[in-house]
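Q: Can you read through this structure? Questions will come right after.
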Amino acid sequence: MLANLLKHLLRGTAARAPEPAAVHPPAPAQAGGNWLSEVMQLRQDGRNREIALRCRAALARQPDDIEALKFLAAALLAQGESHEGIARLRRILQLAPDSADTHANLAYVLAATGDPHGAIDNYRHAVRLRADDANVWNNFAALLKALARYDEAESCCRAGLQADAGHAALHRTLAGVLFEQGRVDAAIVEIRAALALNPEAPAAHSELLRMLNYTDAQDPAAVFREHRAWAERHARPLESAALPHTNDPDPARRLRVGYVSPYIHRHAVTFFLESVIQYHDREALEIFLYADVPQPDDYSERLRKYGAQWRKTVGLSDAQLAQLIRDDAIDILVDLSGHTNNNRLLAFARQPAPVQVNWLGFPSTTGMASMDYRITDAWCDPPGTTEHLNSEKLVRLPGIYMAWRPPEHTPDAGPLPALESGYVTYGSFHSCFKITPTIVALWSRLLAQVPGSRLALLAISSEAARQHVTELFAGNGIAPGRLDFLPRLAFDEYLAAFRTVDVALDTFPYHGATTTCFALWMGLPVVALAGATHASRADVSMLSNVGLPQLVANSGDEYVEIATRLAANLHELAGLRASLRGMMMRSPNTDGRSCARNLENALREMWVTWCRKRSK
């Protein structure tokens, strides 16, 4: 973010500056005069260190020169000298306390450097002073969204759109806020509005695709066409210009395999990636991790210690990332993101590796001709049922297509809460954007059918989200008193919350994965409804592989029946609770070593196929 601060902080200055003269190193006697035009020329060349020298010279003559302070602040921040840069911005506000630009600029910098409260304070000043600046409203809303303050973020978006209804970025930010509140259909309307205003926005277009996978009003064939449309607009021109590969087509040699992701830290993806990286056969594969991770954590460090080559890709463009991958002579490149946020699909579109694979992070197609394979299993994608919904060739691993690594320290499951409370507590531990009208209707039928039962809902993290979910239940005859809303929780509190629930209820049409693993690990049976897409069949794989296929329903009626039956015999339910962690430990769901072998076999077969094609 700081790399763009020079441009961001100097909005409007260029229009006031004189035409730049030819730049020469100034002699001391030339310190005055035309310093501003020289600085403007240096700015065009990105010569921030020299900008700072000229600004300091100007301030030595006139300490309160606001233009010099502004240029110096921007140059310092662009060089990563945030402490002094912020101090210079604060000095400008001492001299001009009603400068909306400076409040907005300082807010932007404080947000980038880890002071969100200071940023919020300055954004409030900025929008009070200049309520018609849609860009500032958008930056303010984006910060509030990042802090999960969704109600305030929505208010900012709507205020900004009053100032400029045609502001594409505000429609996009509002779409993200509505999505996080569980108002998925409204979010899709807003993201489509953003794309209508700015159709050449691949990241926003990916956000639309991601959202479409959550709505229960979806037509899978139509969703597939939307993915293909993304690829046609954004990826096809890059694919057409891709260079040939010079990799050695030896089918038996050691392969260089790269994994690309912004989530190589404590994240749901890493819970499934870690054991594979640990158990990969280093004699057969050399592993590279292309990590868009600004702040690596303990999970990042563990992955590095398994012997993978770490490539920090933060700040690289898609073209630069693709070139880095080519320079590393990667044979097989694995995408772990699909159309999730911060994906690098346009690096894959440049085809930097001979074989390109989508796995793990996105339960749908990329739509791209340059993505050769998608890794799955026969539970998530039964043979002959979903091939027409994928641009990639489906490769089904034996058993399960991903293995979960349990955290090192987790509490035991504890006793069944219903034995003490006298009533059954069902629970959903999913983000609220997975809670659709279809699943709420089933949960409402279940609550009506099981007297005294309650439903705990986790991660309903805004008042608007809570109101939305409450209204969905009220429309199905369930009073708010039957619902227990829990906010987003710290990890230890999250694990403790499972100990208060008897039975976990999966969502539809987008199943859980990490959430389901945690529920099973903490002793909760999970009831799932199988659908026709990978996203609506993930728990078919999880539950079948742990030995509980009887918890998978094929209709809404069966879903309610299974969840009702579990509540009817508390002693049997308590026994299942006590045994589930052991079942998980013995199942393919946590067998990272076998998953690594199965994945390696699949990758080798892909490589052999490429070598055969190359030799023809």
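Q: If you scan the stretch 577-601, which residues turn out to be part of a helix (DSSP H, G or I) and buried (at least 20 other Cβ atoms within 10 Å of the Cβ)?
A: ARG577, LEU580, MET584, PRO588, ASN589, THR590, GLY592, CYS595, ASN598, LEU599
Q: Let me ask something else. Taking the stretch 46-96, which residues are part of a helix (DSSP H, G or I), farther than 24 Å from ALA119 by Cα and open to solvent by 80 Å² or more (accessible area, probe 1.4 Å)?
A: ARG49, LEU53, ARG56, ALA60, ARG61
Q: Now for a different question. Taking SER317 as meeting all but one of (1) surrounded by 18 or more Cβ atoms within 10 Å (Cβ to Cβ); (2) modelled with pLDDT of 95 or more, write down the number of the exception.
A: It is condition (1) that SER317 fails.
Q: Being buried (at least 22 other Cβ atoms within 10 Å of the Cβ) and either touching a Gly at 6+ places or on another chain (Cβ under 7 Å) or among the polar types (S, T, N, Q) (or both): is that true of LEU209 here?
A: Criteria not met by LEU209.
Q: Right, next: Can you work out which of the residues in the stretch 196-206 that are assigned to a helix (DSSP H, G or I) and out of contact with any helix residue (DSSP H, G or I) (no Cβ under 6 Å at 6 or more places or on another chain) is surrounded by the fewest Cβ atoms within 10 Å (Cβ to Cβ)?
A: Start the filter on the stretch 196-206 by keeping residues that are assigned to a helix (DSSP H, G or I), which leaves 196-197, 202-206.
Okay, now just the ones that are also out of contact with any helix residue (DSSP H, G or I) (no Cβ under 6 Å at 6 or more places or on another chain), so 196, 203, 206.
Values: ALA196: 11, ALA203: 14, SER206: 25.
The residue in question is ALA196.
Q: Let me ask something else about it. So which residues in the stretch 314-340 are within 16 Å of the chain's Cα centre (by Cα), in a loop (DSSP other than H, G, I, E, B) and under 27 Å from ALA602 (Cβ atoms), if there are any at all? First the steps, then the outcome.
A: Of all residues in the stretch 314-340, those within 16 Å of the chain's Cα centre (by Cα) come to 314, 335-340.
If we keep only those that are in a loop (DSSP other than H, G, I, E, B) too, we end up with 314, 336-340.
Hits for the stretch 314-340 are LEU336, SER337, GLY338, HIS339, THR340.
Q: Oh, and also: Which condition breaks for GLY338 when tested against (1) open to solvent by 10 Å² or more (accessible area, probe 1.4 Å); (2) of a type in the set (Gly, Ala, Ser); (3) within 22 Å of PRO220 (Cβ to Cβ)?
A: (1)
Q: Now, a different point. Looking at the stretch 216-234 only, could you name the residues that are in contact with a Pro (Cβ under 8 Å, 6 or more places away or on another chain) and either open to solvent by less than 30 Å² (accessible area, probe 1.4 Å) or closer than 27 Å to GLU154 by Cα (or both)?
A: The answer is ASP216, GLN218, TRP230, HIS234.
Q: Here is a list of conditions, (1) out of contact with any helix residue (DSSP H, G or I) (no Cβ under 8 Å at 6 or more places or on another chain); (2) in contact (Cβ under 8 Å) with a residue 24 or more places away in the chain; (3) among the β-branched types (Val, Ile, Thr); (4) farther than 26 Å from TRP404 by Cβ, and ILE325 meets all of them except one; can you say which number that is?
A: (1)
Q: Which pairs turn up if I take residues in the stretch 208-230 that are under 16 Å from HIS511 (Cβ atoms) and look for partners that are assigned to a helix (DSSP H, G or I) and aromatic (Phe, Trp, Tyr) with beta carbon separation below 6 Å, at least 6 apart in sequence or on another chain?
A: So the pair list comes out as TYR214/PHE433.
Q: List the helices (runs of 4 or more DSSP H) that sit entirely inside the stretch 470-575 and contain at least 1 residues that are aromatic (Phe, Trp, Tyr), in contact with a strand residue (DSSP E or B) (Cβ under 7 Å, 6 or more places away or on another chain) and more than 30 Å from LEU147 (Cα to Cα).
A: In the stretch 470-575, 556-568 are the helices (runs of 4 or more DSSP H) which contain 1 or more residues that are aromatic (Phe, Trp, Tyr), in contact with a strand residue (DSSP E or B) (Cβ under 7 Å, 6 or more places away or on another chain) and more than 30 Å from LEU147 (Cα to Cα).
Q: Mind listing whichever residues of the stretch 531-550 are under 19 Å from TYR426 (Cα atoms) and either among the basic types (Lys, Arg) or crowded, with 22+ Cβ neighbours inside 10 Å (or both)?
A: Correct list: ASP539, LEU543.
Q: Further, regarding this structure: If you check GLU239, GLU274, which single one turns out to be closer than 23 Å to ALA369 by Cα, in a helix (DSSP H, G or I) and in contact (Cβ under 8 Å) with a residue 40 or more places away in the chain?
A: GLU239
Q: Among residues belonging to the stretch 364-378 that are under 17 Å from TYR259 (Cα atoms), part of a loop (DSSP other than H, G, I, E, B) and in contact (Cβ under 8 Å) with a residue 60 or more places away in the chain, point out the one that is most open to solvent (accessible area, probe 1.4 Å).
A: That would be ASP372.
Q: Follow-up. What number goes with the only condition from (1) modelled with pLDDT under 95; (2) within 20 Å of the chain's Cα centre (by Cα) that ARG311 does not pass?
A: The one condition ARG311 does not meet is (1).
Q: Name the strands (runs of 3 or more DSSP E) wholly within the stretch 379-466 that hold at least 1 residues that are touching a Gly at 6+ places or on another chain (Cβ under 8 Å) and under 29 Å from GLU572 (Cβ atoms)? Break it down stepwise before answering.
A: On the way: elements: 393-397, 425-428, 454-458.
Where strands (runs of 3 or more DSSP E) fall fully within the stretch 379-466 and carry at least 1 residues being touching a Gly at 6+ places or on another chain (Cβ under 8 Å) and under 29 Å from GLU572 (Cβ atoms), they are 454-458.
Q: Looking only at the stretch 435-480, how many residues end up being surrounded by 22 or more Cβ atoms within 10 Å (Cβ to Cβ) and out of contact with any helix residue (DSSP H, G or I) (no Cβ under 8 Å at 6 or more places or on another chain)?
A: Residues in the stretch 435-480 being surrounded by 22 or more Cβ atoms within 10 Å (Cβ to Cβ) and out of contact with any helix residue (DSSP H, G or I) (no Cβ under 8 Å at 6 or more places or on another chain): 1 in total.
Results for (1) among the aromatic types (Phe, Trp, Tyr); (2) more than 19 Å from the chain's Cα centre (by Cα), shown as yes or no for each residue.
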{"position": "THR246", "(1), (2)": "no, yes"}
{"position": "PRO251", "(1), (2)": "no, yes"}
{"position": "TYR259", "(1), (2)": "yes, no"}
{"position": "ILE264", "(1), (2)": "no, no"}
{"position": "ASP281", "(1), (2)": "no, yes"}
{"position": "ILE287", "(1), (2)": "no, yes"}
{"position": "ASP292", "(1), (2)": "no, no"}
{"position": "ARG302", "(1), (2)": "no, yes"}
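Q: Sort out which residues of the stretch 191-223 are of a type in the set (Asp, Glu) and within 21 Å of ALA347 (Cα to Cα), and write them in order of number.
A: First, the residues of the stretch 191-223 that are of a type in the set (Asp, Glu): 200, 207, 216, 219.
Within the stretch 191-223, GLU200, GLU207 meet the criteria.
The values are calculated or read from the model by the stated rules, or taken from the named source; none is laboratory data. Just so we're clear, the structure is a prediction, and the values are computed from it rather than from any experiment. Glycine also receives a Cβ, built like all others from the backbone with ideal geometry; neighbour counts cover every protein chain displayed. For the accessible areas, the whole protein counts, side chains as well, though only heavy atoms, and no ligand, DNA or RNA atoms are used. Shrake-Rupley method; radii C 1.70, N 1.55, O 1.52, S 1.80 Å.
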